[in-house]
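The values are calculated or read from the model by the stated rules, or taken from the named source; none is laboratory data. Here the structure is a predicted model, which is why all the values come from computation and not from measurement. Glycine also receives a Cβ, built like all others from the backbone with ideal geometry; neighbour counts cover every protein chain displayed.
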Amino acid sequence: MKQGPASKWVDATTPPTEQLDDEVFQLFLQEGERAILDVERRPDEPERREGSAGPEGDTSDVSALRQALAELVDAYPGIERELGVLADRGHMAGTASAALELEARPHLLQLVRLSLEVFFRRHPSADSFERARDGEDEDAESTQSAAERYRAQQDLLRRLKRWTS
């Protein structure tokens, strides 16, 4: 486990021993990319993070989680590249190989877990997510309904909590 300022976000983890299927792996990668983009969109900068640098209407617990997410990304400057390497490994060698890679990179598990924690605080129900998603083009090519996507993200968060507890 990496020591230093980020170690508070990367606890000793239980390896993701469950077989990752392709659908869960793809959702993991999408959520990781979304988390990194959310941090990049913040108006503050690494080492100068402000807890209130989120969208208006964020509650204090959402702001605190977004702050933790930004600090995690700051502590691992190559995290975006690592996510790309993980994606390549999963596509080339399979998701079982990617699961082994995650054992060596628990901060990627924490990245996605924190991102999903933010998501579920912002959208406490599938209906809330569907209302927020109306009018967005982000998942235009997706065949999943908002409710299906919401359930898939709930499943991923449950797995991540088991893997990181």
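Hey, could you check region 72-84 for residues that are surrounded by 15 or more Cβ atoms within 10 Å (Cβ to Cβ) and out of contact with any Phe, Trp or Tyr (no Cβ under 8 Å at 6 or more places or on another chain) and say which is farthest from Gln26 (Cα to Cα)? First the steps, then the outcome.
So the first thing to find is which residues in region 72-84 are surrounded by 15 or more Cβ atoms within 10 Å (Cβ to Cβ), and the list is 72-76, 79-80, 82-83.
Retained after the next criterion (residues that are out of contact with any Phe, Trp or Tyr (no Cβ under 8 Å at 6 or more places or on another chain)): 73-74, 76, 79-80, 83.
On the way: Val73: 20, Asp74: 24, Tyr76: 22, Ile79: 17, Glu80: 15, Leu83: 12 Å.
So, considering only residues that are surrounded by 15 or more Cβ atoms within 10 Å (Cβ to Cβ) and out of contact with any Phe, Trp or Tyr (no Cβ under 8 Å at 6 or more places or on another chain), the one farthest from Gln26 (Cα to Cα) is Asp74.
Taking first residues from region 58-77 that are within 12 Å of Glu40 (Cα to Cα) and partners that are among the small types (Gly, Ala, Ser) and at pLDDT 90 or above, the Cβ contacts under 9 Å between residues at least 6 apart in sequence or on separate chains come to Leu69/Ala35; Leu69/Ser115; Val73/Ala35.
Considering only residues in region 18-28 that are part of a helix (DSSP H, G or I) and over 8 Å from the mean Cα position of the chain (by Cα), the one that is surrounded by the most Cβ atoms within 10 Å (Cβ to Cβ) turns out to be Phe25.
So, Arg41, is that one within 15 Å of Ser115 (Cα to Cα) and modelled with pLDDT under 95 or not? Walk me through it before giving the result.
Working: within 15 Å of Ser115 (Cα to Cα): yes; modelled with pLDDT under 95: yes.
The answer is yes for Arg41.
Would you say Ser115 is in a helix (DSSP H, G or I), under 14 Å from the mean Cα position of the chain (by Cα), surrounded by 17 or more Cβ atoms within 10 Å (Cβ to Cβ) and of a type in the set (Ser, Thr, Tyr)? Here the answer is yes, as Ser115 does meet what is asked. Of the candidates Ala147, Ala96, Ala87, Ala152, the single residue that is farther than 28 Å from Gln67 by Cβ, in contact (Cβ under 8 Å) with a residue 40 or more places away in the chain and assigned to a helix (DSSP H, G or I) is Ala96.
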